[in-house]
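Here the structure comes first, spelled out in structure tokens, and everything after it is commentary.
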Amino acid sequence: MNSKLVSEILSQKNEKDAVILAHSYQPPEIQDIADHVGDSLQLSRIAASTVSGVIVFCGVRFMAETAHILSPDKTVILPEPDAGCPLADCIEVPALRSMQKLYPDALTVLYVNSPADVKAESYACCTSANALEVVESTPSDEIIFAPDRNLGTFVSRKSDKTFHIWNGACRCHAIADLQDIKTKMEEWPDAELLVHPETPPETWELAHAVLGTGGMIRHVGESSAKRFIIGTEEGMVYRLRTLYPDREFVGGGDIYCVNMKKITLQKILDSLRNLEPVIELDTETREKAYAAVARMTEITG
Ligand code: CIZ
């Protein structure tokens with residue numbers, strides 16, 4: 001780790017009264033300097049509750065937008081403005097409206113991995129952890145679920161409701177390498193396989209549990225297993241090794257997000273020095289998106 005860069009970041013952070021949040025998919029050196037590491041919703045909630053006026057969000061755009069939606073009075077900075085999310089970008093407002101016209105009795109449940117203006121058109125947001133709970137609490141037996149088709153399929157199999165699922169996917173989870181997972185299972189026959197619901201259904205069939213990142217952390221804490229194969233973005237392997245140094249972890253499926261790795265220590269330092277690039281949304285979009293995020297938090301607490 002570049003200790004000069006790190007000490008400059010820490011000094012700028014104090015000077016600017018900033019807090020650094022890092023998603024569990026961020027590279028190790030960024031997880032190490034962050035004040036908090038977690039999933040997108042957990043980090044957005046921390047952003048809303050912190051007394052710091054400046055939030056440096058090390059993740060991808062939709063995550064920093066969600067933090068801004070929940071804490072509009074704070075300055076939310078995304079150190080690399082091009083850190084996008086192909087899953088979030090695979091849905092746009094006009095196309096969602098067309099689908100809503102096709103199914104007028106359905107209510108839209110939208111995975112938080114989506115743009116703010118699309119959240120603004122939805123009934124409620126959800127995460128991979130609470131998607132089923134949100135769907136079951138939605139006052140309609142017909143659901144438009146977007147944008148991740150694998151998560152939508154996973155939830156639809158557990159619900160009696162009628163689903164219309166958007167055909168979108170996370171570019172890295174959707175192409176999880178099944179052969180790599182099988183090889184790791186042969187190499188570590190005693191290990192538990194944990195996979196993310198954004199991976200394809202064939203991987204769920206092999207897994208001990210299908211969980212979002214927060215669920216994986218809880219699962220390991222409660223499991224008696226000593227070794228785990230982790231079927232989600234590789235940054236999560238470092239996160240789990242940090243939290244559970246007495247257990248062993250290996251990535252399964254070769255899942256790597258280039259956008260998550262666009263944030264670097266140098267970019268964090270530059271963004272703290274200049275207090276940009278700042279995430280901004282127009283008030284109407286932000287308030288309507290807030291309603292969809294707030295509905296999720298009312299349902300799931
Ligand atoms: O929303 C998040 O944080 C993501 C991308 C994954 C997860 O399962 O937590």
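The values are calculated or read from the model by the stated rules, or taken from the named source; none is laboratory data. Values in this document were obtained by computation on a predicted structure and should not be read as measured data. In this analysis, Cβ positions are derived from the backbone assuming ideal geometry, glycine residues included, and neighbour counts consider all displayed protein chains. Side chains included, ligands, DNA and RNA excluded: accessible areas come from the protein's heavy atoms. Shrake-Rupley method; radii C 1.70, N 1.55, O 1.52, S 1.80 Å.
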Right, Arg247: among the basic types (Lys, Arg) and in the same structural domain as Met185 (by TED's automatic domain parsing) or not? yes
Exactly one condition in (1) open to solvent by 60 Å² or more (accessible area, probe 1.4 Å); (2) closer than 25 Å to Lys262 by Cβ; (3) assigned to a helix (DSSP H, G or I); (4) within 16 Å of the ligand (Cβ to nearest atom) is not met by Arg171; state its number. (3)
Looking at Leu275, Leu269, which is the one that is open to solvent by 40 Å² or more (accessible area, probe 1.4 Å), assigned by TED's automatic domain parsing to the domain that holds Leu41 and modelled with pLDDT of 95 or more? Leu275
Report, ordered by the first and then the second residue, all pairs with beta carbons closer than 7 Å, sequence separation of six or more or different chains, a first member in the stretch 9-24 that is farther than 15 Å from Thr264 by Cα, and a second member that is in a helix (DSSP H, G or I). Gln12/Leu269; Gln12/Leu272; Gln12/Arg273; Lys13/Leu272; Lys16/Leu272; Ala18/Leu272
How many residues of the stretch 247-266 are outside any helix (DSSP H, G or I) and open to solvent by less than 80 Å² (accessible area, probe 1.4 Å)? The answer is 11
For the stretch 278-300, what are the residues that are open to solvent by 60 Å² or more (accessible area, probe 1.4 Å) and part of a helix (DSSP H, G or I)? Thr283, Glu284, Glu287, Lys288, Tyr290, Arg295, Glu298
Of the conditions (1) surrounded by fewer than 18 Cβ atoms within 10 Å (Cβ to Cβ); (2) in contact with a strand residue (DSSP E or B) (Cβ under 7 Å, 6 or more places away or on another chain); (3) β-branched (Val, Ile, Thr), Val76 satisfies every one except a single condition; which number is it? (1)
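Does Glu92 count as modelled with pLDDT of 95 or more and either within 22 Å of Leu151 (Cα to Cα) or not assigned by TED's automatic domain parsing to the domain that holds Asp32 (or both)?
On the way: modelled with pLDDT of 95 or more: yes; either within 22 Å of Leu151 (Cα to Cα) or not assigned by TED's automatic domain parsing to the domain that holds Asp32 (or both): yes.
Answer is yes for this residue.
So which residues in the stretch 1-28 are within 16 Å of the ligand (Cβ to nearest atom) and either in a helix (DSSP H, G or I) or over 13 Å from Ser71 (Cβ atoms) (or both)?
Looking only at the stretch 1-28, we keep the residues that are within 16 Å of the ligand (Cβ to nearest atom), and these are 21-27.
Of everything in the stretch 1-28, those that are within 16 Å of the ligand (Cβ to nearest atom) and either in a helix (DSSP H, G or I) or over 13 Å from Ser71 (Cβ atoms) (or both) turn out to be Ala22, His23, Ser24, Tyr25, Gln26, Pro27.
Go over the candidates Ala95, Ala88 one by one and state the one that is open to solvent by 20 Å² or more (accessible area, probe 1.4 Å), in contact with a Phe, Trp or Tyr (Cβ under 9 Å, 6 or more places away or on another chain) and in a helix (DSSP H, G or I).
Values: Ala88 fails: open to solvent by 20 Å² or more (accessible area, probe 1.4 Å).
Criteria check complete, one pass: Ala95.
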Counting only residues in the stretch 201-214 that are out of contact with any His (no Cβ under 8 Å at 6 or more places or on another chain) and in contact (Cβ under 8 Å) with a residue 12 or more places away in the chain, the one nearest to the ligand (Cβ to nearest atom) is identified as Gly214
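Considering only the stretch 29-61, state which residues are assigned to a helix (DSSP H, G or I) and open to solvent by 10 Å² or more (accessible area, probe 1.4 Å). Let's see the steps before the verdict.
At the first step, the residues of the stretch 29-61 found to be assigned to a helix (DSSP H, G or I) are 29-33, 40-49, 61.
Of everything in the stretch 29-61, those that are assigned to a helix (DSSP H, G or I) and open to solvent by 10 Å² or more (accessible area, probe 1.4 Å) turn out to be Glu29, Gln31, Asp32, Ile33, Ser40, Leu41, Gln42, Arg45, Ile46, Ala48, Ser49, Arg61.
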Of the residues Ala120, Ala34, Ala124, Ala67, which is without any contact (Cβ under 8 Å) to a residue 40 or more places away in the chain and either closer than 27 Å to Gly215 by Cα or hydrophobic (A, V, I, L, M, F, W, C) (or both)? Ala34
For Ser40, which of the numbered conditions (1) assigned by TED's automatic domain parsing to the domain that holds Thr264; (2) more than 15 Å from the ligand (Cβ to nearest atom); (3) of a type in the set (S, T, N, Q) fails to hold? (2)
Residues of the stretch 117-139 being outside any helix (DSSP H, G or I), open to solvent by less than 20 Å² (accessible area, probe 1.4 Å) and more than 16 Å from the ligand (Cβ to nearest atom), in sequence order, are Ala120, Thr138
Sort out which residues of the stretch 215-246 are in contact (Cβ under 8 Å) with a residue 40 or more places away in the chain, assigned to a strand (DSSP E or B) and within 14 Å of the ligand (Cβ to nearest atom), and write them in order of number. Gly231
Condition first: out of contact with any Phe, Trp or Tyr (no Cβ under 7 Å at 6 or more places or on another chain) and of a type in the set (Ser, Thr, Tyr). Now tell me which residues in the stretch 142-170 satisfy that. Thr153, Ser159, Thr162
